[in-house]
Amino acid sequence: MAIRHITTLLLCVIWGLPEATPICDNSNPCPFTGGQELSVPTEYSSDGTGLLNVTLTVDLTPHTVDWLTIHRRTYNGEIPGPTLRVRPGDKLYIKLVNNMRSDNVVRAEGHGPVSPNITNLHLHGMHVSPKEPHDNVFIEIGPGNSYQYEFDIPEDHPAGTFYYHHHIHGNSHFCVGGGLVGFIIVEDDVSTMSSELSAISCPLNCHKEVQLAVGTNFRYTFLETDPILSYSNLQKDLGDPSRNLDPLSSGTDTMEDWLMDPANGVDYILTNGQLWPKVTLTVGEVKRFRIMNGATIEVLEITIKELGCEMMVLAWDGIYVDAPYRTRMVVLSGGARVDVAVRCWFSGDFTMTSIMAEENDPVLASEYWQMRFDQNLLTLHVEEKAAVFGLEYFPTSLPAHPGYYRDLRTIDDSEIDGRFVIEFGPEHEVNREHFKDAAHYRYKYKVGTIQEWYIINTEQLKPHPLHIHVNHFQVISYNEYTHPWGALHPVNKTKSAYYDLQGNLCDQQFLHFAHNLDWPTSNTPSFKYHGHHNRSRDSIPAYIPLGEWRDTINVPPLGSMTIRFVADRYTGTQMIHCHNLNHVDRGMGLVVEVVEEGESIHGAFTASGGAYPGTCRRTDPYPDVVTGATNFNGGGHDHGHDHMHGH
Ligand SMILES: [Cu+2]
């Protein structure tokens, strides 16, 4: 006994005493390690019955990351919420139950904070009606209430990756950032898929699909200290259980203090509610990743760090690309989704990461740090193959688009029924004003018409992701109107040059946003960020290849783009907004009204201040709809097409 004791003692002296594993919990924080097997969201499927009837309950529930347990607003207690699998032609009934507790927060005038306990639902990217009881985002469901949503998914709805999320004006950044997102997957019809695509897709090969809901930033509910949208303070006042204010065992600091201390480096975005989870593949195996950027402000520039894996783009925002293409990086603004086929050639661990790639600077503006995310997302754990089976192939062809997503790049100008301008500006303005309400539509057009819209960003340092409800749009061109050569002001070389839709150099506009950005005098603006950088546009991953269809698109700083779409099928009030949710919460959105064929399209509300988007002059009248085409040039001819094309 004694000898054994002495031996043990000696061994301890030689090898060191076995270290006690530190107990990390909510009162004893320690570095996070992550690394668990990726969790798969609960799935509800219509299974070919033509109906999916689900209940989603929003409540504050505990969520554990490593050793840390925090309370978050969730759907059915999960982050992300359950995945809903439907097929074209299905009815999707969602009963949304708000189980959160009531409070006495009254919705303020303007764009201040609203109760964090009211909720609703938006089917992001789905081609469904924006009217009640369908995808009306202006419905508000208070604590203790519920709402029965009904969605009729058209027979010709594209198969792809979509998502649902909370969409209350004012608290969307707070609530979506906390976890109120979930996938909707419209499944393919086996008969329309190539064998290679079917081999990596549901319904026959669901085990090949990997869903990645990237987004929940677990610091948001602590860090939202903005004076306008001060959810942090509001939560304190409400005694909201998502606050972690108990002191740590080591002193008076709270868990929130620890999380917010930059020294602890807790700048994590979670994937499926997990930190750096692990996905297992075998060598040469192809899997289909459905990736959602469910974050509220961050742009993801996703790549696989080590050499040895390939990525093949299949679809963006739920719409298949014309043909699969290889990529080294996919860039997703908040709200975007991508389907990529992934294959690795060696065993070992590979890192799927989001990097702030310098090559994307002209489009994404790295100085605006908040919107770009430099962190690992997950590990691809690649195992040796036990036996050599046949090679697994990437798909080489993809299902065709429905008719309403036909190619609009080559149509004649005369086929365009209406034109409109969306101008993102400083102070969270769209078309030089803040969002009013659902009744104040800024443009009116007829269902079934072909629309050509110009999207302009007058900000020098911030990109903004545009999201249009109901219809996807096709990217026609970049920077035809703001001029690719406009890097420096031709006279005053210390300024950026910015041109309007007619090719006029806009001094006033520059002063307008320069004033608002309030640059320190010692810090002259960088001329790197123009979105005009078409010199090597095709090699910059953050530029979207022309001709692709999106429901969310990054609009570069001082950049512009032309998009087209068919206003297919649905009338009603449609929301157009920046998908940086803390921007739209502050008013960065507007509504348009789609009317029946026989109805008048006159009478869009005049914006405040006589704002005239897309021009230098802020005193020109807001464009009213006079004929089929929006007469935003104040002249009879189409627009600046002639002198803009072909330079
Ligand atoms: Cu924005």
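The values are calculated or read from the model by the stated rules, or taken from the named source; none is laboratory data. Computed from a prediction, not measured in an experiment: that's the story for all the values here. Glycine gets a Cβ as well: all are built from the backbone with ideal geometry, and neighbour counts include every protein chain shown. Side chains are part of the model used for accessible areas, which takes the heavy atoms of the whole protein and leaves out ligands, DNA and RNA. Shrake-Rupley method; radii C 1.70, N 1.55, O 1.52, S 1.80 Å.
Amide hydrogen proximity for LYS95: with H placed 1.01 Å from N in the peptide plane, the residues at 5 or more positions away or on another chain lying under 5 Å are VAL54, THR55, LEU56, TYR149. Solvent exposure of VAL106, expressed as accessible area, is near 110 Å², computed with a probe of 1.4 Å over the protein chains only. Kindly flag which residue pairs out of LYS305/LYS462; LYS131/LYS446; LYS208/LYS385 have an alpha-carbon separation exceeding 21 Å in this structure. In this structure, LYS305/LYS462 lie more than 21 Å apart at Cα. Taking a ≥ b ≥ c as the square roots of the eigenvalues of the Cα gyration tensor, the range 211-342 is prolate, since a/c reaches 1.5 or more and a/b is larger than b/c. Computed from the Cβ-Cβ distance with R0 of 51 Å, the FRET efficiency linking GLN148 to LEU391 stands at 0.55.
Multiplying the residue separation of GLU383 and LYS131 by 0.36 nm and removing their Cα-Cα distance gives an extension gain of 85.8 nm. Computed from backbone phi with θ = phi - 60° and the Karplus coefficients 6.51, -1.76 and 1.60, the 3J(HN,Hα) list for the range 180-193 is 7, 9, x, 7, 10, 10, 8, 6, 6, 8, 3, 5, 9, 9 Hz; x is used for glycine and proline.
SER191 exposes around 100 Å² of accessible area when a 1.4 Å probe is run over every protein chain in place.
Size of the range 296-337 from its Cα atoms: along the principal axes, largest to smallest, the extents are 31, 26, 8 Å. Rounded to whole numbers, the Karplus 3J(HN,Hα) couplings from phi for the range 44-60 are 10, 10, 6, 6, x, 7, x, 9, 10, 10, 10, 10, 10, 10, 8, 7, 8 Hz, using 6.51 cos²θ - 1.76 cosθ + 1.60 with θ = phi - 60°, and x at Gly and Pro.
Is the C-alpha gyration tensor of the range 54-111 telling us rounded, prolate or oblate? Criteria: a/c under 1.5 is rounded; beyond that, a/b larger than b/c is prolate, otherwise oblate. It is oblate, given that a/c is not under 1.5 and a/b is not larger than b/c.
Per-residue Karplus couplings for the range 296-306, computed as 6.51 cos²θ - 1.76 cosθ + 1.60 with θ equal to phi - 60°, are listed in order as 9, 9, 7, 8, 9, 10, 8, 8, 9, 4, 8 Hz, Gly and Pro entered as x. Computed on protein heavy atoms with a 1.4 Å probe, the accessible areas place ASP237, ASP66 in the order ASP237, ASP66, largest first.
Accessible surface computed residue by residue for the range 96-139, with neighbouring protein chains in place and a 1.4 Å probe, gives 37 Å² per residue.
If you sort GLU596, GLU358, GLU256 by accessible surface, 1.4 Å probe, largest first, the order is GLU358, GLU596, GLU256.
Go ahead and run the numbers for FRET between THR69 and GLU310, Cβ-Cβ distance against an R0 of 25 Å, rounding to 0.05.
Numbers: r = 38 Å, r/R0 = 1.53.
For THR69 and GLU310, the calculated efficiency is 0.05.
For ASN26, the residues 5 or more places off, or on other chains, whose built amide H falls under 5 Å of its own are THR69. A compact globular protein would have a Cα radius of gyration near 2.2 N^0.38 Å; the ratio found for the range 371-444 is 2.12.
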